[in-house]
Amino acid sequence: MSDHKTMTINLVVWRQKNANDPGKYENYTVNGITEHHSFLEMMDVLNEDLIKTGKDPVAFDHDCREGICGMCSQVVNGMPHGGQDRTTVCQLHMRKFHDGDTIYIDPWRAKAFPIVKDLVVDREALDTIIQAGGYTSCHTGGVPDGNAILIAKPVADEAMDAAECIGCGACVAGCPNSAAMLFTGAKVSQLAVLPQGKTEAKQRVKSMVNAMKECGFGNCTNHYECQVSCPKGINVKFIARMNREYLKAQF
């Protein structure tokens, strides 16, 4: 017999069949949850109960469940990823909740992220931004040595800070304008600070910013909700760098 204390959790989950369905909240009760369950494992328990009763399980995105892939896009009690510092939904554990708690679960809500079903949204718009210029061109052939181009440690550190972005879209979900400035700023800055990325810097930033606008994302009005929502702690300084790069590219 298990010594773990169990909890009963009340869930208010957004259910929506597709992008055209009006959608609605549905109430569920999940029993037998321990503090050792992750949030997604709790969702698994809910879905197992729904399947046993012949009901449609709640659709939600997940993949690695290790805080790396950025797939687990859920707004928990009004906060993307649950609002824990540098924590994705898959890393959120039920020890943060109490017996009898009511938890509200929503999908990312943004014009550029149409709902596919329930908590699953189409984040292809972020891929469109990357495809517009989030790469460096290079000659094919022999692979150059890793230390062929010497890079100062402060420069490498800043590039790595920007590269921490996992493209989950929490910055968009947290922003009142549904802006993708933090995501785009991180991807632009990651390459802008490195010598390999400077050759195409002007065209890159113009292409990525234009793609961001065309996808229907809003603009930044300095609420800083993006930085607060980001599970990797991407700093808004990268938005400022992107803006500088964009201004330089105009001349």
Listed pairs Lys5/Lys232; Lys111/Lys187; Lys52/Lys111; Lys55/Lys232 exceeding 26 Å between Cα atoms: Lys5/Lys232; Lys52/Lys111; Lys55/Lys232
Expected output is a single nm value to one decimal: the length gained when fully extending between Thr53 and Glu200, i.e. 0.36 nm times separation in residues minus the C-alpha distance. What is it? 47.3 nm
Using alpha-carbon positions, the gyration tensor of segment 123-248 gives root eigenvalues a ≥ b ≥ c; with a/c under 1.5 called rounded, otherwise prolate if a/b exceeds b/c, else oblate, the class is prolate
Across Cys138, Cys165, Cys226, the residue with the highest GNM fluctuation in the chain (Cα network, 10 Å cutoff) is Cys138
Students often get this wrong, so try it: which of [x] 46; [y] 56; [z] 49 is percent of Cα pairs over 25 Å apart as calculated from the structure shown? [z]
With N residues in segment 163-209, Rg(alpha-carbon) / (2.2 N^0.38 Å) equals 1.23
Could you give the spread of the C-alpha atoms of segment 69-201 along their three principal axes, from largest to smallest, in whole angstroms? 59, 30, 27
Gain in length, Arg109 to Lys24, computed as 0.36 nm per residue apart minus the alpha-carbon separation, to one decimal in nm? 29.2 nm
Of Val76, Val13, Val143, which is the most mobile in a GNM of the chain whose springs link Cα atoms less than 10 angstrom apart? Val143
Given the DSSP H assignment, sum -39500 (n - 2.57) over each helix run of at least 4 residues in the chain and divide by its residue total; what's the result at 222 nm in deg cm²/dmol, nearest 500? -10000 deg cm²/dmol
Keeping the other protein chains in place, figure out the carbon and sulfur percent of the accessible area of the chain, with a 1.4 Å probe. 50
Compute a Gaussian network model of the chain, connecting alpha carbons closer than 10 Å, and tell me which residue from Leu50, Leu194, Leu150 fluctuates the most. Leu150
Extension gain, Lys237 back to Met79 (0.36 nm per residue minus Cα-Cα distance, nm): 54.7 nm
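The values are calculated or read from the model by the stated rules, or taken from the named source; none is laboratory data. Note that this is a predicted model, so its numbers are computed, not measured. With ligands, DNA and RNA removed, areas are computed over all heavy atoms of the protein, side chains included. Shrake-Rupley method; radii C 1.70, N 1.55, O 1.52, S 1.80 Å.
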